[in-house]
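Each reported figure results from applying straightforward, stated rules to the coordinates on display, with no laboratory input. Everything numeric in this text was worked out from a predicted model, so none of it was measured. With ideal geometry, Cβ positions are generated from the backbone for all residues, glycine too; neighbour counts draw on all protein chains shown.
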Amino acid sequence: MVDLHSDGGLGNAPERARRSDKAPQPNHPLTDREVPLSQDLGSATRVLSPAVHAWLDGELPEASVRRGETARDVEFWKHISEESERRRHLRMPLQLESRIMEALPHSVPALITPWYRREFVVTPGAAVTIGATLVTMTAAVTALLFRAMR
């Protein structure tokens, strides 16, 4: 098995060396990370070989692709496949279901009152702002009407 997250994704080499002599930590959280299909190698970009694509699609046997530079890609994708299969068969802990059920509300939710039946509350600050806006808008409309009539 390949430990994809031995350093916790932080790249701490000293921490990794210290942890290597300890037993694996069962509570160490695993995180999913995006796996780029192409890797930057300076100015050139490395692209996955069409033969590897064909092998992944099931069109070529593994032996025909496991030569030269594509052998590393085959190993990588085999590890990805093994890890995916392992995770596919994981079962949730027994206490998880009870924790989820305990977190659900035990009462029937209250009906939501429509907006037109709710109490309308205006704070003093909102009342002053609304009043000032109405006075300003009325003055502006009145000025426009007087100007239009001349």
Cβ density ranking, 10 Å radius, fewest first, applied to 100, 80 yields 100, 80
Would you kindly derive the ³J(HN,Hα) couplings of region 105-115 from the backbone phi angles with the Karplus curve 6.51 cos²θ - 1.76 cosθ + 1.60 (θ = phi - 60°), listing them in order in whole Hz, with x for Gly and Pro?
x, 9, 10, 6, x, 6, 5, 7, 6, x, 4
Fewest-first ranking of 76, 146, using other Cβ atoms within 10 Å as the exposure measure
146, 76
In whole Å, what is the distance between the alpha-carbon centres of region 117-145 and region 85-109?
52
With Cβ to Cβ distances under 12 Å as the rule, what net charge do the other residues near residue 53 carry (K, R +1; D, E -1)?
-3
